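Worksheet for the structure shown next.
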Ligand code: ADP
């Protein structure tokens with residue numbers, strides 16, 4: 001199973017990716033988590049990414065693409081993967097197509113988890129209070145949603161065009177949303 005997860009910040013991609021990874025026995029790869037781990041470890045990659053993340057902007061494509069290319073070359077990815085947070089713009093989607101072609105593997109589905117902007121804003125502000133993520137302040141959340149609308153939302157048309165798009169309603173209890181995704185993907 002090779003899946004990309006799409007949807008606005010706060011739609012529940014990370015939560016669903018972890019549950020689906022467990023169910024399907026494949027790794028969930030979150031570019032946001034990899035960047036945060038590198039920021040925390042003060043690695044060269046983390047130093048490159050930090051200012052963009054703090055501002056709610058995308059980390060430059062050449063940095064992100066190289067990181068994903070390395071990750072997809074690792075052995076644990078052989079049975080499949082879930083990508084959470086990548087691709088995030090059409091250029092990254094084209095790059096991913098190239099990486100998969102080089103690896104001689106194919107995408108099964110691009111799952112868009114839909115959720116209203118009001119709902120996700122509220123969820124993100126709630127999470128800010130609980131977890132204190134550096135980019136969960138109100139201004140940065142607003143910017144992340146703008147970047148989503150400008151750069152990432154056009155990906156749904158990209159994957160609709162390639163025949164991979166599966167849309168799933170992200171509103172509801174966590175296990176219910178997982179069941180919807182599994183049903184939608186496995187019935188393809
Ligand atoms: P969210 O989806 O809640 O905004 P993520 O954890 O997916 O959070 O991403 C956090 C930040 O990491 C982004 O705002 C961006 O700066 C950076 N990032 C993650 N994935 C990518 C990507 N594919 N391309 C560029 N930047 C990324």
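Computed from the coordinates by the stated procedures, all read-outs in this text should not be read as laboratory data. Keep in mind it's a predicted model, so treat the numbers as computed, not measured. Ideal geometry is used to build each Cβ from the backbone, glycine not excepted, and the neighbour counts take in all protein chains shown.
Given N residues in region 45-109, what is Rg(Cα) / (2.2 N^0.38 Å)?
Details: Rg = 12.6 Å, N = 65, 2.2 N^0.38 = 10.7 Å.
Region 45-109 yields a ratio of 1.17.
Along the Cα→Cβ direction, 7 angstrom out, place labels at residue 105 and residue 150. What is the inter-label distance in nm?
The modelled label-to-label distance comes out at 3.2 nm.
Using the C-alpha atoms of region 1-81, what convex hull volume per residue, in cubic angstrom, is computed? Let's see the in-between values first.
Details: hull volume 8.4 nm³, N = 81.
Dividing the Cα hull volume of region 1-81 by its residue count gives 104 Å³.
Would you report the distance distribution of C-alpha pairs in region 142-188 as whole percents per 5 angstrom bin, up to the bin with the largest distance?
Result, from short to long distances: 5, 19, 17, 18, 23, 14, 3, 0 percent.
Would you compute, from DSSP H runs of 4+ residues alone, the mean residue ellipticity of the chain at 222 nm, taking -39500 (n - 2.57) per run and dividing by the full residue count, rounded to the nearest 500? Spell out each step's value before the answer.
Working: 9 runs with 106 residues, N = 188.
Result for the chain, helices only: -17500 deg cm²/dmol.
At what distance in angstrom do the alpha carbon centres of region 170-188 and region 36-109 lie from each other?
Taking the Cα centre of each part, region 170-188 and region 36-109 sit 25 Å apart.
Return the inverse of the average 1/r over all pairs of distinct C-alpha atoms in region 72-140, which is the Kirkwood hydrodynamic radius, in Å to one decimal. Display every interim value, and only then the final one.
On the way: mean 1/r = 0.0671 Å⁻¹.
Across region 72-140, the inverse of the average 1/r is 14.9 Å.
Give me the number: length gained by fully extending residue 69 to residue 97, i.e. 0.36 nm times residue separation minus the C-alpha to C-alpha distance, one decimal in nm. All intermediate terms of the calculation are to be shown ahead of the outcome.
Numbers: separation 28, 0.36 × 28 = 10.08 nm, distance 1.10 nm.
Value of the extension gain: 9.0 nm.
Mean 1/r over all different Cα pairs, inverted: what Kirkwood radius does the chain give, in Å?
Numbers: mean 1/r = 0.0595 Å⁻¹.
Final number for the Kirkwood radius of the chain is 16.8 Å.
Region 102-188: Rg/Rh from Cα coordinates, Kirkwood Rh?
1.03
Once R0 is set to 35 Å, what does the formula 1/(1 + (r/R0)^6) return for the Cβ-Cβ distance between residue 167 and residue 54, expressed as a FRET efficiency to the nearest 0.05? Numbers along the way, then the final one.
Values: r = 31 Å, r/R0 = 0.90.
Efficiency at R0 = 35 Å is approximately 0.65.
To make sure I understand, if each residue's beta carbon is the centre and we count other beta carbons within 10 Å, what order do 100, 1, 53 fall in, fewest to most? Walk me through the numbers on the way to the answer.
Details: 100 14, 1 17, 53 20.
Exposure proxy ranking, most exposed first: 100, 1, 53.
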